[in-house]
1. Within the range 133-143, is even one residue closer than 21 Å to residue 42 by Cβ and crowded, with 19+ Cβ neighbours inside 10 Å?
2. Run residue 116 past the list (1) small (Gly, Ala, Ser); (2) in contact with a helix residue (DSSP H, G or I) (Cβ under 9 Å, 6 or more places away or on another chain); (3) within 25 Å of residue 37 (Cβ to Cβ); (4) surrounded by fewer than 20 Cβ atoms within 10 Å (Cβ to Cβ) and report the number of the one that doesn't hold.
3. Taking the range 85-118 as the search range and keeping residues that are in contact with a Gly (Cβ under 7 Å, 6 or more places away or on another chain) and in a strand (DSSP E or B), which one is farthest from residue 154 (Cα to Cα)?
4. Is it the case that the range 137-157 has a residue that's in contact with a Lys or Arg (Cβ under 9 Å, 6 or more places away or on another chain), under 14 Å from residue 80 (Cα atoms) and assigned to a strand (DSSP E or B)?
5. Restricting attention to the range 144-158, which residues are touching a residue at least 12 places away in the same chain (Cβ under 8 Å) and either exposed (fewer than 15 other Cβ atoms within 10 Å of the Cβ) or farther than 11 Å from residue 79 by Cβ (or both)?
6. Hey, does the range 65-84 have a residue that's within 23 Å of residue 159 (Cα to Cα), out of contact with any strand residue (DSSP E or B) (no Cβ under 6 Å at 6 or more places or on another chain), modelled with pLDDT under 60 and part of a helix (DSSP H, G or I)?
Amino acid sequence: MDNRFPPLFDTSRFRTDVKGKRPVSKALIAAVIVALACFIYVVNGLISNGTLNWYVNDRASLNSGGGAVREGDMVTISVPSQKFTFMATTLDKEEELVGHIVAKEATEVTGMILRGDAFTVPSGTAARVLEQRGDYYHVEIVGGDQGGMDGYIPKGFVKK
């Protein structure tokens, strides 16, 4: 090896296992497991303690719509007495998400979020209606951290 040029970075400080791969830290594995358990605990608590009862107890409001809303309209995602709501990336996933919430299946809701099939949106978020599909609106979030994201939401959670 030509010693005139130093290596781009010193690899001697990395320990490797028998196969030459760097082992994953046990502390990192433990931190990931604890973070996942905390996330599941929080979602389960939201579902079981009634925080998400607006999905369960008031099914009529899911499909009542927020007035005369047409494609292209600017709307607000609004859930009475809630700080956030869930949205899904496709219509099929939104129907699945609502089913899991109604059945109080927190681990399934968590799984959908971790897979990227669903996400949370703060109540009061501005959005543009892209299309109406049955009891749901397909909306694009405008501005904020989630600006540009799109998903499906029950009509009752959209206000003009």
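1. no
2. Only one criterion in (1) small (Gly, Ala, Ser); (2) in contact with a helix residue (DSSP H, G or I) (Cβ under 9 Å, 6 or more places away or on another chain); (3) within 25 Å of residue 37 (Cβ to Cβ); (4) surrounded by fewer than 20 Cβ atoms within 10 Å (Cβ to Cβ) is unmet by residue 116, namely (2).
3. Selected residue: 88.
4. No, that holds for no residue.
5. From the range 144-158, those touching a residue at least 12 places away in the same chain (Cβ under 8 Å) are 144, 146, 149-158; that's our starting set.
Across the range 144-158, the qualifying residues are 144, 146, 149, 150, 151, 152, 155.
6. No.
The values are calculated or read from the model by the stated rules, or taken from the named source; none is laboratory data. Nothing here was measured: the structure is a model prediction, and the numbers come from that model. Glycine also receives a Cβ, built like all others from the backbone with ideal geometry; neighbour counts cover every protein chain displayed.
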